[in-house]
Structure formats: structure tokens, C-alpha cells
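Coordinate-derived values only; no laboratory data. Not measured: the values here are computed from a predicted model. Cβ placement follows ideal geometry from the backbone for every residue including glycine, while neighbour counts extend to all protein chains displayed.
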Amino acid sequence: MLADQFDAFFFDMDGVIYVGRQVLAHVIPSLERLRSLGKSIRFLTNNPCPTRDGLISRLQHMGIEAYKEEMFTSSWATCLYLQQQGIRKVYPIGSADMLLEMAELGISATNEDPEAVVVGCESDIDYEQLKWATRFIRQGVHFVATMVDAWFPDEGGPSPATGAVISALQTSTERFPLIIGKPAPTMFHEAQLGLPHIDKSRILMIGDNPMSDILGAHRAGLTAMMISQLSEGTRLYPGAHDLRQPDGYIPNLAALFDPDYTVRKWEPVSYDWPQRVVPAVAAIVRNSDGEVLLLRREGEAWQVPLGMVGPGETVEEAVCREVEMQTGLQVSVQRLCGLYSEPETQVMTLPSGEVVHGIVNCFICEVVRKRSAPPAETSLRFADPQNPPEPFSRQQRHWLSDMLSQNVVVR
């Protein structure tokens, strides 16, 4: 049975343990049985507003045994992260309860030289807070958010949540925050720190939301099951690489002790989950000797010219523009030689902090003429494609060999 395959169990709360003020069927006896078997339990909630003490009191009123070291809210996980980073002064946009959790770890709120802007739950946010947060972030302080949920169900309908505030600050600062709560992996990592004797392969996350619980667990390298009436093998998403796909389904927590329910153990991946997919172009610029043009910026590896397609731009226009902008050379496009979309090599983090999945159209090009000098921080050289200089871009190594094929290589 599933309970025998894992040593620690992470539970989402709303929709798994309770709904509203009602504890769900089979929860209390299932948790008691896990404890009797010596299993470790952690509760993970994206709700940044309540304190851990407040949530424990709520669970205990429902008849559920819970302890402070087992409780991880997105606010408390954020506090732990700030402490580990040595951050002691922050400009917060959050509830009084979040400030109480920070104070427990010696983290103070200030509007004078903060080390980070921390965005949490705040129903009384005003323009002044957004203004100061924008200025601090643009000055280079850390930008941290407890969670990224865009809205939450409220009396009378949906209301904006932390994600709405984050969107405003992303627009005004052109920076993306470090997210602590689900679906980011950070809260899962914090919950694992108190379980050093348990390997992550022996931890099971149980949630009801594939966009937060399942995705977050997979990003942290954990197996994740979804509370659902769906049958085994049901795919919610078509892509084989989709991290939101649960590893199995159970209708309730009692199924942890039913031998008829199984799970596919998660195999961790080498890439992060992208926030969007972007079209991109790359240029294999050859000279008459068959060598290829490589560039290197200070502190980076050698690589071929690479960039994104702009609005209203064809891929041919984009590759010519990127080559000239990065090298000063005007080129002509000869043919498409490769189309690359494999997430293992094409998921990347931009300078803004945004994670994107690039779909790269790779073209063989030839130099027409030199238009200008390359940027001052860029070095250029032609090199043997079968023996490029080191350090060379890991993702581009097979692009150079693929160009020798007469067919378009798709990876």
C-alpha cells in the first residue's frame, strides 16, 4: 500500500484536509494511522495570512492533531528563507500576522534601506506602498513574494490575491520576484530541512491542485498525488514533459492504506518550469573555410548568436537583426538547419528572472559585409565546429554537428 512506500507525507490543506470549516471524510483516522506507523507529517498551505499558531488552533478544533514544526505557510517559509539568506530588514506588503512570524526570527519591517521587498497578503494595500516597493526594487534590493495566486474565493465572488500585487510590481520594476510558496519549490525545500534522515524519494505530496501542489512538488523533486475521482492513468495534460501531471490519484486519504491504489514514482528533471514559451532564432554563420562564428561576452561561455523573435518580425528578419546587433555583421540566410524545443536544454532564465522555454529556429548564414564593430564587451572568432573552444555553451554543442546534415534536425 502507498503508506508503506513513503516515510513522510506532505499535505495541502484546503481541499485535502478540510473545505471551509468542515474536515473531510477519512482525514482524522488516516492521519492518526500514519502517525501510529511512525510517518512524518507536514502541512503546506499557500495562505500567507494566518500564523502557524492560528492554523494549528483551527485544526485542533476540528479534532486534527498538529504541531508547530509540522506547519508551513507561505509566509513562514518566506521568513525561513530570509533568515537563511541573512536578510534582517525588509519592506513588507503583508498582514500583521506575517509581521509576527517575521519578528519571531528577528526580521524587522522598515522603509529605510531595506534589504528586500516582501509581498504577502494585504487587503488594505495603497498606492504609497506600491510606490516605495517599486523604488526599492529598482534600486536592486531582493524582490520576494510569499505566493503567486492571482485571486481567492471570497464572500460575493473572487477577490485579488498576492499575485495581483506582484503583477503590478513586475510591470513597474521589470523584474520577476523569487516566489516562495507553491508552485515554487522553495516551501517544499523548507519543509524537508527538518527531515534530514528521509530521502526525497520517500516523501509523498498530496494535493488537489495540479497548478500549485503537483507542479510545486515536482519542481522540488518529489512524487505527488492528487485528490480526485479520476481513474489511474488519466492524463490532465498532453505533454510528456508536463510537470503538472499527477503521479497518481486517490479519492481520499483512506486510499493510502488500500493496496488497489498505486503511484508512479517521480523522476526529477534537470530543468525548471517555464513561465511562458518564446520563439527564438540562432545563427550558424560560416566562412569559406567551413568555420563557424562564435561570440563570447565577459563571464560567459562561447556561443553562436542567439535571440528572440520580436513582435511583427519574421524568423529570417530576427536572425539577421540579432547577428548584426551582437556582432556588427550583416548576414544572409541560407537555410534552416535545426528546430529545437527539448526542455532539458531550451528552458532558460532571463536576466529579469523570468524562466522561459525557447523554441529555437537555427539557420545557416553567410556574411555579406561588416556594418559596425561588435559591442565592447563581446569577443568574436571563427572556429572549427567539430572542436569549438572552451568553455562552450552546453545547449548548442549538438547544433554545430546538426548543421552538417542536409535535412532539418528536429529535437
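What is the distance, in nm, between label points placed 7 Å from the Cα along the Cα-to-Cβ direction at Arg276 and at Arg321?
The two pseudo-label positions are separated by 1.5 nm.
Averaging sequence separations of C-alpha pairs under 8 Å and six or more residues apart, then dividing by the length of the chain, give the relative contact order as a whole percent.
On the way: 838 pairs, mean separation 53.2, N = 411.
Value for the chain: 13 percent.
Please compute the modelled spin-label separation between Ser288 and Leu37, points set 7 Å along Cα→Cβ, answer in nm with one decimal.
Each label point is offset 7 Å from its Cα along the Cβ direction, giving 7.4 nm.
Got the relative contact order for segment 276-410 handy, in percent, Cα pairs under 8 Å and 6 or more residues apart?
This gives 35 percent for segment 276-410.
Under the rule of -39500 (n - 2.57) per DSSP H run of 4 or more residues, summed and divided by the residues of the chain, what mean residue ellipticity at 222 nm is obtained, to the nearest 500 deg cm²/dmol?
The per-residue figure over the chain is -7000 deg cm²/dmol.
Report the extension gain between Glu377 and Thr110 in nm, rounded to one decimal, defined as 0.36 nm multiplied by the number of residues separating them, less their alpha carbon distance.
Difference between extended and current length: 92.3 nm.
Which of the three applies to segment 78-178, rounded, prolate or oblate, going by the alpha-carbon gyration tensor with a ≥ b ≥ c and a/c under 1.5 meaning rounded?
Since a/c reaches 1.5 but b/c is at least a/b, the shape of segment 78-178 is classed as oblate.
For Glu344 and Gln85, FRET efficiency with R0 = 35 Å and r from the beta-carbon atoms, rounded to 0.05?
The value I calculate is 0.75.
Between Ala301 and Glu354, what length comes free when the chain is fully extended (0.36 nm per residue of separation minus the Cα-Cα distance, one decimal in nm)? Could you put the intermediate results ahead of the total?
Details: separation 53, 0.36 × 53 = 19.08 nm, distance 2.06 nm.
Computed gain between Ala301 and Glu354 is 17.0 nm.
Counting only C-alpha contacts under 8 Å and six or more residues apart, can you give the relative contact order of segment 78-178 as a whole percent?
Computed value for segment 78-178: 24 percent relative contact order.
With charges set only on the Cβ (+1 for Lys and Arg, -1 for Asp and Glu), what does the dipole of segment 78-178 come to about its Cα centre, in debye to the nearest 20?
500 debye
Give me the number: length gained by fully extending Ala96 to Asp14, i.e. 0.36 nm times residue separation minus the C-alpha to C-alpha distance, one decimal in nm.
Extending this stretch completely gives an extra 27.3 nm.
Run a plain Debye calculation on the chain (Cα atoms as equal point scatterers, no solvent) and give log10 I(q)/I(0) at q = 0.09 Å⁻¹, rounded to two decimals, same order as the q list.
-0.68
Rounded to the nearest Å, what's the spacing between the alpha carbon centres of segment 355-381 and segment 220-258? Just the number, please.
Here the two parts' Cα centres lie 44 Å apart.
Taking the Cα atoms only, what angle lies between the long axis of helix 127-138 and the longest principal axis of the chain, rounded to 10 degrees?
It is inclined by approximately 50 degrees.
Hey, what angle do you get for helix 315-327 against the long axis of the chain, alpha-carbon based, 0 to 90 degrees rounded to 10?
So the inclination is approximately 80 degrees.
Over what distance in Å are the Cα centres of segment 94-164 and segment 70-90 separated?
13 Å
By per-residue mean of other Cβ atoms within 10 Å, what is the highest-first order of 104-114, 127-137?
127-137, 104-114
By counting other Cβ atoms within 10 Å of each Cβ, how are Ile198, Ile250, Ile203 ranked from fewest to most?
Values: Ile198 15, Ile250 22, Ile203 25.
Listed from fewest to most nearby Cβ atoms, that is Ile198, Ile250, Ile203.
With 28 Å as the limit, write out which pairs from Lys89/Lys200; Lys68/Lys131; Lys39/Lys68 have Cα-Cα distances beyond it, or answer none.
Values: Lys89/Lys200 33 Å; Lys68/Lys131 36 Å; Lys39/Lys68 16 Å.
Check vs 28 Å cut-off fails for Lys89/Lys200; Lys68/Lys131.
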